[in-house]
Amino acid sequence: GPELGADSIAAGEIASLVAFAGVLVFMALSYGWFGMIANVALILNVAMLFGLLSAIGATLTLPGIAGIVLTIGMAVDANVLVFERIREELKNKRGPARAIDLGYEKALSAIIDANITTFLTAGILFIMGSGPVRGFAVTLFIGIVMSMYTSLFVGRLVFDICERKQWMQKLKMMNTVGKTNWDFLSKKSIAATVSLALILVGVGALVSRGEDNLD
């Protein structure tokens, strides 16, 4: 809550800005011009979120900052789902305009599912929680609505404008990661062994500290 002090809030703001900048760079490097369009929608998302929080007189606390960061992640997640679908359609020799139509169409159900489940979680936190927890829930509520709007409508609007201006053929989607069909299951034994070792180290550290040090 606000009693944490200005230094804690400032540290949270700096961390959020660094993370936000990192996300913008990642999207631009991963998807080229498509990523730049997503960045425009993402910046608008954050601006609208802060504008609405300011309009209702909300106090920016550390849980509120966490809600904003989670909103950024969900907005990026929606764009990644759409862009990967578009990339698949482009590989299937679809035209850019048709690939974008199919990309949004096929990714819509996954995006709605993710946002509805998060919305329900935020509702439970608001009803059951109090103070900073409710602040987090309110920020998350607003962020979900803003991210859905900017991801599904603003981004699509920019693509439609590009299509009318006949810029679609000039828009290229970068393929930074070439091979994506990695055989993760072949490394299951290594992953299970490392995970088990880390769990045992954690349990051992917990036991060795003793109950007195946990208070």
Among the numbered criteria (1) modelled with pLDDT of 80 or more; (2) open to solvent by less than 40 Å² (accessible area, probe 1.4 Å), which single criterion is violated by Ala97?
-> (1)
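Yes/no per residue for (1) farther than 25 Å from Leu62 by Cα; (2) modelled with pLDDT of 85 or more:
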residue	(1), (2)
Ala122	no, yes
Pro132	no, no
Leu152	yes, no
Leu157	yes, no
If you go through the range 46-64, how many residues are modelled with pLDDT under 80, assigned to a helix (DSSP H, G or I) and among the hydrophobic types (A, V, I, L, M, F, W, C)?
-> 2
For the range 23-45, state whether one or more residues are in contact with a Leu (Cβ under 9 Å, 6 or more places away or on another chain), surrounded by fewer than 14 Cβ atoms within 10 Å (Cβ to Cβ), at pLDDT 75 or above and in a helix (DSSP H, G or I).
-> yes
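Results for (1) farther than 22 Å from Trp33 by Cβ; (2) touching a Leu at 6+ places or on another chain (Cβ under 7 Å); (3) in contact (Cβ under 8 Å) with a residue 12 or more places away in the chain; (4) open to solvent by 20 Å² or more (accessible area, probe 1.4 Å), shown as yes or no for each residue.
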{"residue": "Thr61", "(1), (2), (3), (4)": "yes, no, yes, no"}
{"residue": "Ile68", "(1), (2), (3), (4)": "yes, yes, yes, no"}
{"residue": "Asp77", "(1), (2), (3), (4)": "no, no, yes, yes"}
{"residue": "Glu89", "(1), (2), (3), (4)": "no, yes, yes, no"}
{"residue": "Thr117", "(1), (2), (3), (4)": "yes, no, no, yes"}
{"residue": "Ser130", "(1), (2), (3), (4)": "yes, no, no, yes"}
{"residue": "Gly143", "(1), (2), (3), (4)": "yes, yes, yes, no"}
{"residue": "Thr150", "(1), (2), (3), (4)": "no, yes, yes, no"}
Of the residues Phe83, Phe50, which single one is in contact with a helix residue (DSSP H, G or I) (Cβ under 9 Å, 6 or more places away or on another chain) and surrounded by fewer than 16 Cβ atoms within 10 Å (Cβ to Cβ)?
-> Phe50
Is at least one residue of the range 107-128 over 19 Å from the mean Cα position of the chain (by Cα) and of a type in the set (S, T, N, Q)?
-> no
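The values are calculated or read from the model by the stated rules, or taken from the named source; none is laboratory data. Predicted model only: the values in this text are computed from it and were never measured. So basically every Cβ, Gly included, is an ideal-geometry build from the backbone, and we count neighbours across all protein chains shown. Remember, those area values only see protein heavy atoms, side chains included, never the ligands or the DNA or RNA. Shrake-Rupley method; radii C 1.70, N 1.55, O 1.52, S 1.80 Å.
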